[in-house]
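The structure appears below as structure tokens.
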Amino acid sequence: MNEYLPDIDKCDCTVIHEEVVSHVRCHMPEEENLIDLADLFKVFGDSTRIKILCALFQAEMCVCDIAALLGMTKSAISHQLRILKQSKLIKNRRDGKVVYYSLNDEHVKNIFDQGLAHILE
């Protein structure tokens, strides 16, 4: 940063704006919910899981199909599917010996679409 430019992000204020702080405090979600939300966003922080979700937007798929699509081992895909399932982002169903995975609900696609729209701005 140029040393001659003022640091506009630095606040030299020492006054607490109590009304604002009080208003925001009343509207903050509970701490436990914020922790859960942070954990959910951590799940989206892995590119392999993002690729799996993208695939599942298009079709219900089994581990073998996802592994072939992404060029990864079934073991690696299974590990990521387990994380996605624990986070309630995907669900599975068994058809004989084959287990198929799909999105848990439409919220997953909405979260993804909002994030993608943000980075494409």
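Output the number of residues of the range 90-102 satisfying the condition of being surrounded by 13 or more Cβ atoms within 10 Å (Cβ to Cβ) and out of contact with any Phe, Trp or Tyr (no Cβ under 7 Å at 6 or more places or on another chain).
5
In the range 103-120, which residue that is loosely packed, with under 13 Cβ neighbours inside 10 Å and among the hydrophobic types (A, V, I, L, M, F, W, C) is nearest to residue 50 (Cα to Cα)?
Per the stated criteria, the residue is 116.
Is it the case, given these coordinates, that residue 15 is assigned to a helix (DSSP H, G or I), farther than 17 Å from residue 88 by Cα and of a type in the set (A, V, I, L, M)?
Criteria not met by residue 15.
Those residues that are assigned to a helix (DSSP H, G or I) and at pLDDT 95 or above, I need them from the range 82-108; list them, please.
82, 83, 84, 85, 86
Confirm whether residue 87 is surrounded by 11 or more Cβ atoms within 10 Å (Cβ to Cβ) and within 12 Å of the chain's Cα centre (by Cα).
Considered against the rule, which asks whether it is surrounded by 11 or more Cβ atoms within 10 Å (Cβ to Cβ) and within 12 Å of the chain's Cα centre (by Cα), residue 87 comes out as yes.
The values are calculated or read from the model by the stated rules, or taken from the named source; none is laboratory data. Note that the structure is a prediction, hence the values are computed from the model and not measured. Every residue, glycine as well, gets a Cβ built from its backbone with ideal geometry; the counts of neighbours run over all protein chains shown.
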